[in-house]
Amino acid sequence: MHQIQFGYCLPIFAYPGARFFRTPNYAQLDPQRTIALGRLADELGYDSLWVADHLMLGRDNAIMEGWTTLAALAGATHRAKLGMIHQGHFFRHPALHPKMTATLDQISGGRFIYFIDAGYGKAEHLAYGLPYPETTEERLAQVFDGLQITLALWQAQQPVTMKSQYFAVTEATATPLPVQKPHPPVWFGEAHPMILEATARYGQGWNTVPVGRAEVGRRLDALERACEQVGSDYSAIEKSLETQILVVPEREMVRQRLQAMVGLAPPTAPLDADLQAYLDGQSDQLPSKLADQWLVGTPDEVAQQIQSYLDIGISHFMLWFMDAPDETGLRLFAERVAPRLR
């Protein structure tokens, strides 16, 4: 049985406006403000801190580089675990991964989570002259191939020489080795069959983006079948949901906050009819996407929504607070939601 844990996703990019994507209330990225929010989340008792891994994203394509940000967080915080969401395999050579992660695990006192993935932004890879194989299957094959080098170096007691299908190292080391033994937890994300199989074989954690409770349940069932096929323990894998959250003291404030976010960057195309009706006050029914896929409402309502995910096997919640960089939701959740569920 895994402990219930709540993670804070740092707003390392600004995406103001009506798309409501991750950071809709952040008008302009302020790196110092972002790091301060990470420190505050650690002080408030959040169990993990997460950053996205992109090179171009959000307003003006301005985003803080993920690995550098994690290193800063390691020195600025004391207790929360640290991880990069869907760490982009092709941004850094896989032979460097074990060295970088071992160092970060050391300086953070054993708080690192290794959440590896193939990357999903073709344009940013090409802009930086980085490889980006055409198909998901090709990209994942290289991810899992590189993982073999990472696992070997994390646990090596002497220099490693090995050659895989895509990569090779000669007399390589990752000393000092990670604090966590046998190595930092390895996480994967999403429901591609190759990812589910890799999770069953190598993973200690698995994450899904918000897709609605029914679909999350189907994904968990698929992961359990993958574990059965390779003979691994499904219950040993920590299951996580990455999702948007808007928690407010009173229900009527949901509309007010969403209206303010839309006002930061008016949409270039008409809003969905149900969202427009809600924002205009013509309907009190939350749009289906907000109601079905995200955590929205008062502390009581959000706690009930989280319980519905706990009931199907999710135990770790990676939360994108829609009102960030405002601290209201971050503090309200820590004070009135988290204690009643832990």
Counted residues, the stretch 90-120 - those being within 24 Å of D47 (Cα to Cα) and part of a helix (DSSP H, G or I): 10
Could you list all residues from the stretch 280-338 that are farther than 26 Å from D221 by Cβ, hydroxyl-bearing (S, T, Y) and in contact (Cβ under 8 Å) with a residue 24 or more places away in the chain? T298, T328
Residues of the stretch 28-54 being in a loop (DSSP other than H, G, I, E, B) and surrounded by 16 or more Cβ atoms within 10 Å (Cβ to Cβ), in sequence order, are L29, Y46, D47, D53, H54
Only unsatisfied item for G281, checking (1) open to solvent by 50 Å² or more (accessible area, probe 1.4 Å); (2) small (G, A, S); (3) over 26 Å from the mean Cα position of the chain (by Cα); (4) modelled with pLDDT under 95, is (1)
Okay, helices (runs of 4 or more DSSP H) sitting entirely in the stretch 192-265 with 3 or more residues that are crowded, with 16+ Cβ neighbours inside 10 Å and free of Cβ contacts under 8 Å to residues at least 40 places away in the same chain, I get 193-202, 213-230
The stretch 284-322 - residue that is more than 17 Å from Y46 (Cα to Cα), open to solvent by less than 20 Å² (accessible area, probe 1.4 Å) and of a type outside the set (A, V, I, L, M, F, W, C) and, of those, nearest to the chain's Cα centre (by Cα): Y309
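Which of the residues belonging to the stretch 55-64 are touching a helix residue (DSSP H, G or I) at 6+ places or on another chain (Cβ under 6 Å) and either over 23 Å from F317 (Cα atoms) or surrounded by 23 or more Cβ atoms within 10 Å (Cβ to Cβ) (or both)?
L55, M56
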Checking the condition open to solvent by less than 10 Å² (accessible area, probe 1.4 Å), more than 30 Å from P339 (Cα to Cα) and either touching a residue at least 40 places away in the same chain (Cβ under 8 Å) or out of contact with any strand residue (DSSP E or B) (no Cβ under 6 Å at 6 or more places or on another chain) (or both), which residue from A80, A102 passes? A102
Go through (1) at pLDDT 95 or above; (2) open to solvent by 10 Å² or more (accessible area, probe 1.4 Å); (3) out of contact with any helix residue (DSSP H, G or I) (no Cβ under 8 Å at 6 or more places or on another chain) for A273 and report which single condition fails. (1)
Could you run through the stretch 176-216 and say how many residues are under 15 Å from L96 (Cα atoms) and either modelled with pLDDT under 95 or aliphatic (A, V, I, L, M) (or both)? 1
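The values are calculated or read from the model by the stated rules, or taken from the named source; none is laboratory data. All figures in this text were calculated on a predicted structure; none of them were measured in a lab. Methodologically, a virtual Cβ is constructed for each residue, glycine included, from the backbone with ideal geometry; neighbour enumeration extends over all protein chains shown. Surface areas here come from the heavy atoms of the whole protein model, side chains and all, with no ligands, DNA or RNA. Shrake-Rupley method; radii C 1.70, N 1.55, O 1.52, S 1.80 Å.
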